[in-house]
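To start, the structure itself, in C-alpha cells.
The values are calculated or read from the model by the stated rules, or taken from the named source; none is laboratory data. These figures come from a predicted structure and were not determined experimentally. Note: ideal-geometry Cβ built from the backbone for every residue, glycine included; neighbour counts use all protein chains shown.
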2 protein chains.
Amino acid sequence: MSEPTGLRARKKERTREAIADAAVSLFLEHGFDRVSVNEIAAAAEISKPTLFRYFPTKEDLVLHRFADHQGEAARVVRGRESGIEPVAALRRHFQAALDRYDPVTGLNDHPQVVAFHRLVFSTPSLAGRLTRYQLEDEEALADALGEGIQAHVQAAQVLAIQRVLARANWQKIADGRTASDVHPEAVADADEAFSELQ
Amino acid sequence: MSEPTGLRARKKERTREAIADAAVSLFLEHGFDRVSVNEIAAAAEISKPTLFRYFPTKEDLVLHRFADHQGEAARVVRGRESGIEPVAALRRHFQAALDRYDPVTGLNDHPQVVAFHRLVFSTPSLAGRLTRYQLEDEEALADALGEGIQAHVQAAQVLAIQRVLARANWQKIADGRTASDVHPEAVADADEAFSELQ
DNA sequence: GTTACTCGGTTAAAAAAGCAACCTGGTAAT
DNA sequence: ATTACCAGGTTGCTTTTTTAACCGAGTAAC
C-alpha cells in the first residue's frame with residue numbers, strides 16, 4: 001500500500017543521496033567554485049555522465065533539497081480541504097513548517113543547516129538559480145489559484161512573504177540566536193504578514 | 001605499476017566481496033542447506049541472475065576462496081627461479097605459507113577461519129566440489145611439471161601431501177590448540193613429508 | 001596569437017545489473 | 001495421482017552505468 005520499492009529504485013535513491021552528500025560536504029569544505037564535478041564524481045564513486053543523469057547541473061547538486069519542495073505551494077492549494085481559502089491553507093502550511101523547524105522556513109539552528117544556507121546565499125550562481133526555481137514555483141501556484149492577473153499577483157505575494165520571513169529567520173539564526181528562542185517572533189511575524197493578505 | 005583499477009573493476013570486486021560475505025555469514029549462521037540463494041541475493045542486495053553471474057553455483061559462494069588459489073601450484077612451478085627444482089619450489093612455497101599462517105595450510109586458529117573450514121568439511125556437497133577443484137589443480141600442476149605419467153604422479157603426490165598436512169594441522173586446531181603452538185610440528189611434518197619426495 | 005589547460009556538460013557504444021518468466025527436480029498436501 | 005510449491009539455475013529484454021571521446025567557453029603561458 002506504499003512505494004513499490006524494488007531493488008533498482010532503492011539503489012537509485014541511495015546513489016542520488018551519495019552523490020548529493022559528497023557534493024555538499026565538498027562544497028562546504030572548499031567552496032562551491034573550488035570543487036569540480038570531476039572531484040564530486042570521484043568522491044561519490046560514480047562517473048561524470050552518471051552524475052549528470054541524476055542532477056542536470058552542478059547547481060542542482062546543492063539545490064535539489066529545494067527542488068524536492070518544488071510545486072509544494074501549488075499542491076497545498078490543490079489539496080486543501082473544502083471550505084478553506086487558498087491563502088489560509090498556505091498560511092497554515094507555513095505555520096506547521098515553523099512549528100517543526102523545517103529548514104525551508106529559515107528557522108533551524110542545526111550547524112549543518114546553517115552552513116548549508118550560508119553556502120547557498122553566499123554563492124551567486126546558487127542564489128541565482130534558486131530564484132529561478134522560485135519563479136517556477138510561483139507560476140505553478142498561480143495556476144493552482146485560478147486564472148487572470150489576480151492569481152499571479154496573489155501567488156507572487158504569498159511566495160514573497162515566505163521568502164522574506166525565511167530570510168528574517170535565517171538572519172536571526174545567523175546572528176547566533178537559537179531556533180527555539182526565535183520561534184515566537186517567527187510565528188508573530190508570519191501572523192502579521194499573512195493577515196494583511198486576506 | 002599495479003592493477004589499472006578503473007571504476008568498473010573496483011565496483012565489481014566489491015560486489016563480489018559483498019555477495020560472498022553475505023553468503024558465508026548466512027551459511028555459518030544457519031547451515032549451507034538451510035539458506036537459499038534468494039536469501040543470499042536479498043542480503044547482498046542484488047538480483048538472483050546477478051548472483052549467478054558472479055558465482056557459477058551455490059557451492060562456489062563458499063569455495064571461491066579456494067578457487068582464488070586455483071592453479072597456484074602450477075604457477076609456482078612455472079615462476080620458480082632458474083636452477084631450482086620444481087618440488088623444491090613447491091616445498092618452499094608451502095613452508096612460507098605455514099610461516100604466515102595462511103588458511104590454506106590449515107594452520108590458522110582465527111575463529112572465522114575455523115568455522116569456515118568446519119562448514120566446508122561438514123557439508124558433503126561442498127567437500128565434494130572442493131575435491132573436484134583440487135583435481136583441476138592437479139592437472140594444471142602436471143602440465144607445468146612436464147609430460148608423461150611421471151609428471152602426473154609427481155603432481156598427485158605433491159598435492160596429496162599438501163592435503164594431508166593441511167588436514168592434520170586443521171585437526172589439531174579443531175582440537176583446541178593454537179596455531180603458534182602447532183606451528184613447529186607443522187613445519188616438522190612438512191619437512192618430513194616433502195623430503196621423502198625428492 | 002597560438003597553444004594547451006581546465007571547466008561544465010554531452011554523446012555513443014558497450015558492459016553490467018535488474019526483472020520477470022521460465023526450466024528441472026524434489027517434496028509436501030490433497 | 002495430481003497439484004502446487006520451493007529449490008538451484010537460466011533466458012531474454014530493459015534500464016542503468018562506465019568509458020572515452022568530444023564540445024564550447026574561459027584562461028594562463030609564452
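The table for this structure:
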{"item": "Candidates B:Ala168, B:Ala142 - the one that is outside the structural domain of B:Val35 (by TED's automatic domain parsing) and either over 17 Å from the mean Cα position of the chain (by Cα) or not in a helix (DSSP H, G or I) (or both)", "result": "B:Ala142"}
{"item": "Residue in the range A:62-73 that is within 16 Å of DNA strand D (Cβ to nearest atom) and modelled with pLDDT under 95 present", "result": "yes"}
{"item": "Qualifying positions in the range B:50-64 - near DNA strand C (Cβ under 9 Å from one of its atoms) and out of contact with any helix residue (DSSP H, G or I) (no Cβ under 9 Å at 6 or more places or on another chain)", "result": "B:Arg53"}
{"item": "Condition broken by B:Pro49, with the remaining ones in (1) within 30 Å of B:Ser180 (Cα to Cα); (2) within 14 Å of chain A (Cβ to nearest Cβ) satisfied", "result": "(1)"}
{"item": "Enumeration of residues in the range B:15-43 that are near DNA strand C (Cβ under 9 Å from one of its atoms) and within 14 Å of chain A (Cβ to nearest Cβ)", "result": "B:Thr15, B:Ala41"}
{"item": "A:Arg118 vs. criteria assigned to a helix (DSSP H, G or I), in contact with a Gly (Cβ under 8 Å, 6 or more places away or on another chain) and surrounded by fewer than 19 Cβ atoms within 10 Å (Cβ to Cβ)", "result": "no"}
